Amino acid sequence: MENIVNAVNNVVWSNWLVYLCLGAGIYFSLRTKFSQIRNLKEMVHLLFAGEKSEEGISSFQGFCTALAGRIGTGNIAGVATAIAWGGPGALFWMWAIAFLGAGSAFAESTLGQLYKEKHDGQYCGGPAYYIEKGFGKKGWAKAYGMLFAIVTVISIGVLLPGVQSNSIAAAVNNAFGVNVTITGVALVILVGVVIFGGIKRIGSAAEFIVPFMGGAYILMAVIIIIVNIGYLPHVIALIFKSAFRAEPTFAGIIGSTIAWGVKRGVYSNEAGQGTGPQASSAAEVSHPAKQGFVQAFSVYVDTLFVCSATGFMILMTDNYTTFNADGSVLYNAGTAYTVDQIGPAYTQGAVNTLINGFGAAFVAIALFFFAFTTLMAYYYIAEVNVNYIIKRLTGKGNVMATHVLKVVLLGMTFYGAVKTSDLAWAMGDIGVGLMAWLNIIAILALSNIAMKCFKDYERQLKEGKASEDITFDPVSLGIKNADFWENLNAGKVE
């Protein structure tokens, strides 16, 4: 089983996917004239400016729901994994894919808002919707949208939950000695309580948990960085040297450095993967580009803040071991780890240098909250795509299908908690990779439509309109099949 999964993973995550992720980021950055820098102030303003309604959640809740999906094991265990297999330079490539990926995140989330629909009194949308509608509702476009929805349900509902629960179980076992089976059962109960409450309960929970735990985690990182401030110049130099073959110790793994940095960067911030647009589509905004800007900012928060916090903690305290592709040790920084210990143990060891014995518990608690909110977001994303599949096939929703999805996701959450980390991560990587392939190709093909929304928003800003007064009319821009916005402007949306 593990050999088959690893073989499939190697095919999905070939160098071509790495090039596609980086290339898409560069393309959208150039087309928006590096909007991720120019419009940073607007991103922060819009984050808190949105309104929620009975049909949708606020921009901030949409931001937190998407961030709940982004901030998870990738920020703690994923960064450690990237350093273990790619060396310190992998952190640079995580930064690179975050900076460039903000452009991709803007495009996909704008498209998600543009082609969203209203089902059962709530907004929903995502890649399946904009693939179908953006390409003109043609037969092949509907098939492509259906394919993405099916892949997403399998990836988000089956392959990825185990990564989150596995890391929680490992960290809790390391910190408190709790058996992984007990942790798995507890997770199933807690996640079940939230996901049976729908998107509004998920959004409300994420709105509280994400800022609180993210802030506490970054504060801990800042304290550790201050305590070890003398090592900061060395660590920064090490990251950049290792990223470009200038550090002899890691010069032989430059290919792995880029691959692991991009791979874990995409896993962490999900830019281009197609998950962010699904939460974005549920937000109540007056222009699709607004949520695009908000989601671009969430990529920064995820990687440039949370992932960097983990990376600096690990590197500044010398709590890592780097391995060759065959599993042999390449370099022991200060604390020797085995291949089986790659993951939360690196970060737990780093925090332990501040207060001995505290690191394991703190990281276990942080990882629990991060991964818990990710599991909530996973369910919402999977539900959106199940509803898409059912409605396209039958013309109406199916409550039983969503209940089956809940049971499957909870079952895979438990399964992941009790299985080996290598198998859990490999399965998760396949899910991320398949979605990224399908989604990035789609948003590149639909880039002209996303750019029409972008230019329309910037035009209104330049005319002196406040962001609160900016409106959207797809017909005037020559955009077809944006049914929700056409009906809204015609007064047909209740």
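Each value in this text was obtained by applying a stated rule to the coordinates, not by laboratory testing. Quick caveat: nothing in here was measured; it's all calculated off a predicted structure. Note that each Cβ is placed from the backbone with ideal geometry, even for glycine, and that neighbours are counted across all protein chains shown.
The table that follows gives values for the structure above.
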| item | result |
| --- | --- |
| Kirkwood estimate for the range 319-409, i.e. one over the average of 1/r between Cα atoms, Å | 16.6 Å |
| q = 0.09 Å⁻¹: log10 I(q)/I(0) that the Debye formula gives for the chain, counting C-alpha atoms only | -0.56 |
| Normalised per residue, the volume of the convex hull around the Cα set of the range 2-43 (Å³) | 76 Å³ |
| Within the range 468-492: backbone nitrogen closer than 17 Å to the GLU117 label point (7 Å, Cα to C-beta) | 480-488 |
| Gained length - LYS465 relative to LYS396, 0.36 nm times residue gap less alpha-carbon distance | 20.8 nm |
| Between the range 369-403 and the range 426-483, the Cα center-to-center distance that results, in Å | 23 Å |
| Computed log₁₀ I(q)/I(0) - Debye formula, equal Cα scatterers, no solvent, the range 214-253, q 0.18, 0.28 Å⁻¹ | -0.62, -0.82 |
| Gained length - GLU486 relative to LEU30, 0.36 nm times residue gap less alpha-carbon distance | 161.2 nm |
| Surface/4 of the Cα convex hull for the range 91-228, nm² | 11.9 nm² |
| Value at 222 nm in deg cm²/dmol, rounded to 500, when DSSP H runs of n ≥ 4 in the chain each add -39,500 (n - 2.57) | -22500 deg cm²/dmol |
| Once the Cα gyration tensor of the range 373-415 is diagonalised, semi-axes √(5λ) in Å | 21, 11, 6 |
| Convex hull volume of the range 265-362 per residue (C-alpha atoms, cubic angstrom) | 134 Å³ |
| The range 162-191-the range 215-248 distance, computed between alpha-carbon centres (Å) | 30 Å |
| Estimated FRET transfer efficiency (ASN448, PHE208; beta-carbon r; R0 35 Å; 0.05) | 0.35 |
| Full-extension gain in nm, TYR331 to ASN6, via 0.36 nm per residue minus C-alpha separation | 114.6 nm |
| Alpha carbon convex hull of the range 129-199, volume per residue in cubic angstrom | 102 Å³ |
| With at most 16 other Cβ atoms within 10 Å, longest stretch of the chain clear of loop trypsin sites (Lys or Arg not before Pro) (DSSP) | 246-395 |
| Most to least packed among 172-185, 351-364 [average Cβ atoms within 10 Å] | 351-364, 172-185 |
| Stokes-Einstein translational diffusion, the range 358-479 - Kirkwood Rh over all Cα pairs, 1.002 mPa s, 20 °C, in µm²/s | 114 µm²/s |
| Cα-derived Rg over Rh, computed across the range 409-468 with Rh taken as Kirkwood radius | 1.34 |
| In Hz, Karplus ³J(HN,Hα) per residue of the range 464-470 (6.51, -1.76, 1.60; θ = phi - 60°; x = Gly, Pro) | x, 6, 6, 4, 5, 9, 6 |
| Along principal axes, Cα extents of the range 305-372, largest first, whole Å | 33, 25, 23 |
| Helix 254-269 vs. the chain, principal-axis angle (Cα, 0 to 90°, nearest 10) | 50 degrees |
| 3J(HN,Hα) from dihedral phi, the range 14-24, Karplus parametrisation 6.51/-1.76/1.60, rounded to Hz, x for glycine, proline | 6, 4, 5, 6, 4, 5, 5, 5, 5, x, 5 |
| In order through the range 150-161: 3J(HN,Hα) via Karplus (6.51 cos²θ - 1.76 cosθ + 1.60), integer Hz, x for Gly, Pro | 5, 4, 5, 4, 5, 5, 6, x, 10, 7, 8, x |
| Stokes-Einstein D (µm²/s) once Rh is taken as the Kirkwood radius of the range 444-494 over alpha-carbon pairs, at 10 °C in 1.306 mPa s | 133 µm²/s |
